[in-house]
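To start, the structure under review is shown below, and the notes come after it.
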Amino acid sequence: MTAMKRPLIAAFSVFTLSASLVACGGDSPGSSDSSTDARGPITVWYSNNPQEVTWGKRMVGAWNAANPDQKVTAQEIPAGKSSEEVIGAAIAAGNAPCLILNTAPVAIPQFQKQGGLIPLDDFPGGKEYVESRTGEKAAQYQSPDGKYYQMPWKSNPVMVFYNKEMFAKAGLDPENPKLSTYAEFLDTSRKLVKSGGAEAAIWPAPSSEFFQSWFDFYPLFAAQTGKQLVEDGKAQFASADGVKVGEFWKTLYGEGLSPNEMYNGDSFADGKAAMSIVGPWAISVYGEKIDWGVVPVPTAEDKPAEQVSTFSDEKSIGMYSSCKNRGTAWDVLKFATSKEEDGKLLHETGQMPMRADLPATYPDYFAANKEYTLFAEQADRTVEVPNVTGSVEIWQEFRDAYTKSVIFGKGGVDASFKDAAGAVDKLAGNR
């Protein structure tokens with residue numbers, strides 16, 4: 001991820017934390033057969049993002065004021081190497097909170113394998129609630145057994161931010177940049193760097209952590225194909241379209257338009273790169289510091305914007321099996337994802353609730369905040385990471401092949417992707 005985004009981990013190993021850390025988890029050690037209608041106090045964890053903390057405190061306060069006999073105690077996810085390792089350790093210790101409002105979809109298979117998650121289908125109308133709120137995208141969040149172990153909550157669909165000032169200095173049209181196709185994007189990138197206005201056209205992290213592909217390869221793969229990295233137990237990235245995406249990025253690196261050295265900072269915010277692939281969270285960060293514009297990620301052939309998909313960068317809400325008062329947890333989950341609370345989340349964080357047709361659902365917000373409208377429209381066209389066992393290993397297998405052949409140009413993209421696809425097929429099929 002970019003330096004401005006909270007890092008994830010390269011593996012979801014479970015480790016023992018100090019008693020003081022794991023003790024801050026659930027309400028009390030609960031059994032896996034706790035009743036779905038049991039009510040009482042619960043504990044909730046949310047992200048340490050300042051805007052989400054503000055939203056979370058207000059949301060919990062509103063719930064507690066209306067439900068004093070079912071008090072919610074909320075806190076930020078405890079510090080650790082990563083949220084995912086902290087959650088994994090809490091599951092192992094039986095002290096996870098009832099709800100975590102920052103559950104990464106890529107971690108769901110591992111948490112499910114640990115027996116740490118409650119299927120929301122267990123609750124009356126649970127499946128219907130997930131699908132009615134999320135719309136057609138809900139299917140991407142089902143586990144292989146057909147159940148929902150996560151509530152799709154909010155997304156940050158990634159698009160291409162560009163620096164209008166740098167484009168103008170390079171003699172490019174800052175209001176109508178030519179970035180729709182790979183050929184246009186490459187031509188524009190060459191002009192940007194040749195003009196001397198930017199050290200790099202675009203500078204994604206060239207490191208080998210599994211998640212880095214979500215912010216270079218995967219958005220373009222989603223746009224080109226509409227597919228997930230793995231579907232029906234088979235790797236999809238070694239297709240002709242997947243190789244086209246890899247060759248596009250290999251050209252950027254090969255011509256020095258994207259450096260293959262790590263930049264310790266935000267290359268776009270620091271004026272080192274003219275473009276960046278990020279989500280709507282960046283609007284409040286870049287603010288008025290940069291005169292920016294935004295367009296969909298490119299495709300091989302020019303596609304209308306309304307047909308271009310991208311990576312969702314979504315976070316879900318998980319309900320954890322140590323939860324005792326599951327009836328309250330379910331009611332709080334529905335309260336937190338109600339139309340009213342989703343609207344407040346949108347206002348307070350600029351992140352997109354996982355609801356179908358956001359512009360029509362919150363017309364007043366988007367009329368007053370037009371810079372978010374493109375992201376709201378894009379939110380209806382997102383592709384999630386595949387929900388498959390061994391997900392992190394699969395992504396790492398792909399990233400290793402990508403790093404070698406695309407970023408550092410060692411070997412052909414086609415052969416490298418095919419070799420990785422063979423390994424991924426085994427991982428996806430034998431676990």
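Looking at the structure I just gave you, is SER276 assigned to a strand (DSSP E or B), of a type in the set (Gly, Ala, Ser) and over 30 Å from LEU120 (Cα atoms)?
yes
With respect to ASP291, determine if the residue is surrounded by fewer than 24 Cβ atoms within 10 Å (Cβ to Cβ), closer than 30 Å to ALA420 by Cα, at pLDDT 95 or above and out of contact with any Phe, Trp or Tyr (no Cβ under 6 Å at 6 or more places or on another chain).
Criteria not met by ASP291.
Output the residues belonging to the range 207-229 that are under 11 Å from THR403 (Cα atoms) and surrounded by fewer than 20 Cβ atoms within 10 Å (Cβ to Cβ).
Once the filter is applied, which keeps residues that are under 11 Å from THR403 (Cα atoms) and surrounded by fewer than 20 Cβ atoms within 10 Å (Cβ to Cβ), the range 207-229 yields SER207, SER208, GLU209.
Residue-wise test of (1) farther than 18 Å from GLU131 by Cβ; (2) touching a Gly at 6+ places or on another chain (Cβ under 7 Å); (3) hydrophobic (A, V, I, L, M, F, W, C).
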| site | (1), (2), (3) |
| --- | --- |
| GLY327 | yes, no, no |
| LYS334 | no, no, no |
| GLU341 | yes, no, no |
| HIS347 | yes, no, no |
| GLN351 | yes, no, no |
| TYR362 | yes, yes, no |
| PHE366 | yes, no, yes |
| ALA376 | yes, no, yes |
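Take SER35 and decide whether it is touching a Leu at 6+ places or on another chain (Cβ under 8 Å), more than 24 Å from LYS344 (Cβ to Cβ) and of a type in the set (S, T, N, Q).
When the stated conditions are applied, SER35 does not pass them.
For the range 175-187, enumerate the residues that are surrounded by fewer than 17 Cβ atoms within 10 Å (Cβ to Cβ) and touching a strand residue (DSSP E or B) at 6+ places or on another chain (Cβ under 7 Å).
Result: THR181, single match.
If I go through the range 359-392 residue by residue, how many of them are under 15 Å from ILE283 (Cβ atoms), surrounded by 21 or more Cβ atoms within 10 Å (Cβ to Cβ) and hydrophobic (A, V, I, L, M, F, W, C)?
Final tally of qualifying residues: 3.
Residue by residue, here is whether (1) outside the structural domain of ALA222 (by TED's automatic domain parsing); (2) surrounded by 22 or more Cβ atoms within 10 Å (Cβ to Cβ); (3) among the hydroxyl-bearing types (Ser, Thr, Tyr) holds:
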site	(1), (2), (3)
TYR149	yes, yes, yes
LYS164	no, no, no
PHE167	no, yes, no
ASP173	no, no, no
SER189	no, yes, yes
VAL193	no, no, no
GLY196	no, no, no
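Conditions tested, residue by residue: (1) among the charged types (D, E, K, R); (2) in a strand (DSSP E or B); (3) touching a residue at least 40 places away in the same chain (Cβ under 8 Å).
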position	(1), (2), (3)
GLU175	yes, no, yes
LYS178	yes, no, no
ARG190	yes, no, yes
VAL193	no, no, yes
PRO206	no, no, yes
GLN212	no, no, yes
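What is the residue count in the range 55-83 for residues that are free of Cβ contacts under 8 Å to residues at least 40 places away in the same chain and in contact with a Gly (Cβ under 9 Å, 6 or more places away or on another chain)?
Qualifying residue count, the range 55-83: 4.
Quick one: how many residues across the range 97-115 are among the basic types (Lys, Arg) and either closer than 13 Å to ALA329 by Cβ or in the same structural domain as GLN228 (by TED's automatic domain parsing) (or both)?
Residues flagged as among the basic types (Lys, Arg) and either closer than 13 Å to ALA329 by Cβ or in the same structural domain as GLN228 (by TED's automatic domain parsing) (or both) within the range 97-115 amount to 0.
Would you check which residues across the range 376-403 are of a type in the set (A, V, I, L, M, F, W, C) and in a loop (DSSP other than H, G, I, E, B) and list them?
Within the range 376-403, ALA379, VAL385, VAL388 meet the criteria.
Which one is surrounded by the most Cβ atoms within 10 Å (Cβ to Cβ) among residues in the range 48-86 that are aliphatic (A, V, I, L, M) and in contact with a strand residue (DSSP E or B) (Cβ under 6 Å, 6 or more places away or on another chain)?
VAL72
Tell me, please, whether a residue that is part of a helix (DSSP H, G or I), in contact (Cβ under 8 Å) with a residue 24 or more places away in the chain, closer than 24 Å to ALA107 by Cβ and not assigned by TED's automatic domain parsing to the domain that holds ASN102 can be found in the range 404-416.
no
Give me the pairs: first residue in the range 327-345 and under 14 Å from ILE317 (Cα atoms) and among the hydroxyl-bearing types (Ser, Thr, Tyr), second residue modelled with pLDDT of 95 or more and part of a helix (DSSP H, G or I), beta-carbon distance under 8 Å, and six or more apart or on different chains, which are they?
Within 8 Å, the pairs are THR337/ARG133.
If ILE277 passes every condition in (1) under 26 Å from PRO50 (Cβ atoms); (2) not assigned by TED's automatic domain parsing to the domain that holds LEU220 but one, which one does it miss?
ILE277 satisfies every listed condition except (2).
Do you know which residues across the range 110-123 are without any contact (Cβ under 8 Å) to a residue 40 or more places away in the chain and in a loop (DSSP other than H, G, I, E, B)?
Residue satisfying the conditions is PRO119 alone.
Being assigned by TED's automatic domain parsing to the domain that holds SER416, crowded, with 19+ Cβ neighbours inside 10 Å and among the hydroxyl-bearing types (Ser, Thr, Tyr): is that true of SER239 here?
When the stated conditions are applied, SER239 does not pass them.
Need pairs with beta-carbon distance below 7 Å; first residue under 25 Å from LEU345 (Cβ atoms) and within the range 297-322, second surrounded by fewer than 24 Cβ atoms within 10 Å (Cβ to Cβ) and among the acidic types (Asp, Glu); sequence gap 6+ or separate chains.
Going by the 7 Å Cβ cut-off, the qualifying pairs are SER312/GLU384; GLU314/GLU384.
The values are calculated or read from the model by the stated rules, or taken from the named source; none is laboratory data. Just so it is clear, the model here is predicted, and its values are computed rather than measured. Methodologically, a virtual Cβ is constructed for each residue, glycine included, from the backbone with ideal geometry; neighbour enumeration extends over all protein chains shown.
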